[in-house]
Amino acid sequence: MLDDMAENSPESYQKFIQRHMKEGKDSMAPPELHLCLQTKILDPEVKVLFINICSWSRVPVPQSEAHPVPLGAGRLENVSEGAVTDIAYNPAVLKKAEKDPIESDQVIRLAMKYIEEKYKVTLCHAYRLAPFKLKGKVKRMRESLQGIKKQADIKMEDSTKVNDLLLEQLKSMAIKGEEQENNPSISLTTKETPRNGRASLIEEISSSEIQEEGLLISPKHDLCVMKDGHPTMLTLKIDLKNVHSVAECELSVSKDDLMFEVPGRYQLHLNLPQQVNEDTVKAQLHKEKHVITVTMPVLKHITAGQTIKV
């Protein structure tokens, strides 16, 4: 087939070879840094978790909105500050997420959901961007992500096998035509995803092991819901002994839950009864009473028949 193409249409043959050589080079590029998240593993044991979100061209793009979002995942490993794992998306997925905060949040939460399902852990829903793009070394991240592909990689021991493999791949791409271009011939996916009906949001493509650390004491606390016909404010009071400054405390709040910690001493996780506006949350320490008060305005929802004046 290639001989016929080279003889009858030399220009098309050259373009064909150059295009697929370029695609092959791009697909072999290693994972690149994108951003690093910090959250918590809550169960079975509590520890800080760093998630490196990476860009990797070898992860395919979703076939459509109804198909799973493919991702690559590395090992979940212990570090001195807690644990770290690596999640990779196709560059097109991350590029789209950069333009839309909602899309970015969904990509992050898909990664967190995958980690929960794969490693049988419970994560805090709240997260924050770390002040660095990568936790650990680049070499460790790349080895972790590339290590999951050992079952899919083909080990070629001599040049004859290399040539045979290349010809088979080129033949397959040519026969199937341009519609095959976005589907890597060597897939990261370790098992097929059912295509009947709407598929899962996540496409699993890796496996790993997990290790955890110890649990902190939960402080006494009181959560109140303030109402004015409907819930308007959540007020949380936390009793703390020998805490003299808010600098000793760490507070993370999402729409649905709250994580409070005094490192090495106290840790509290709450699922909130109402969705709150995390951008307007305030916290204040009463030094004499050793009480921290957290106020969380409830998100306003429009009910049927309700109008809003502009």
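Where a number appears in this text, it was derived from the coordinates with a stated rule and is not lab data. Remember, it's a predicted structure, so these values are computed and weren't measured experimentally. Heads up, the Cβs are rebuilt from the backbone with ideal geometry, glycines too, and the neighbour counts pull from every protein chain shown.
A few comments on the model shown:
- For the range 6-96, GluC sites (Glu not before Pro) are listed when DSSP marks them as loop and at most 10 other Cβ atoms sit within 10 Å of their Cβ; the list is E65.
- Low-density loop positions, trypsin sites (Lys or Arg not before Pro), the range 257-296 - DSSP coil, at most 13 other Cβ in 10 Å: K287, K289
- Shape call, the range 1-90: gyration tensor on alpha carbons, a/c limit 1.5: prolate
- Residues in the range 266-282 reached by a label modelled at K300 [backbone nitrogen below 17 Å; 7 Å Cα→Cβ]: 275-281
- Global geometry of the range 71-113, whether rounded, prolate or oblate, following the gyration tensor of its Cα atoms and the 1.5 cut on a/c: prolate
- Along the range 40-50 the Karplus relation, 6.51 cos²θ - 1.76 cosθ + 1.60 evaluated at θ = phi - 60°, assigns HN-Hα couplings of 10, 8, 9, 8, x, 9, 8, 6, 5, 10, 9 Hz to successive residues, with x for each Gly and Pro.
- Summary of packing: across the peptides 48-56, 104-112, 222-230, the per-residue average of other C-beta atoms within 10 Å ranks them, highest first, as 48-56, 104-112, 222-230.
- E11 paired with D105, simple spin-label distance in nm, labels 7 Å along Cα-to-beta-carbon: 5.2
- Calculated FRET efficiency for the pair M21/V246, C-beta based, R₀ 45 Å, to 0.05: 0.20
- Residues with amide H under 5 Å from that of H34, placed H, sequence gap 5 or more: I53, S55
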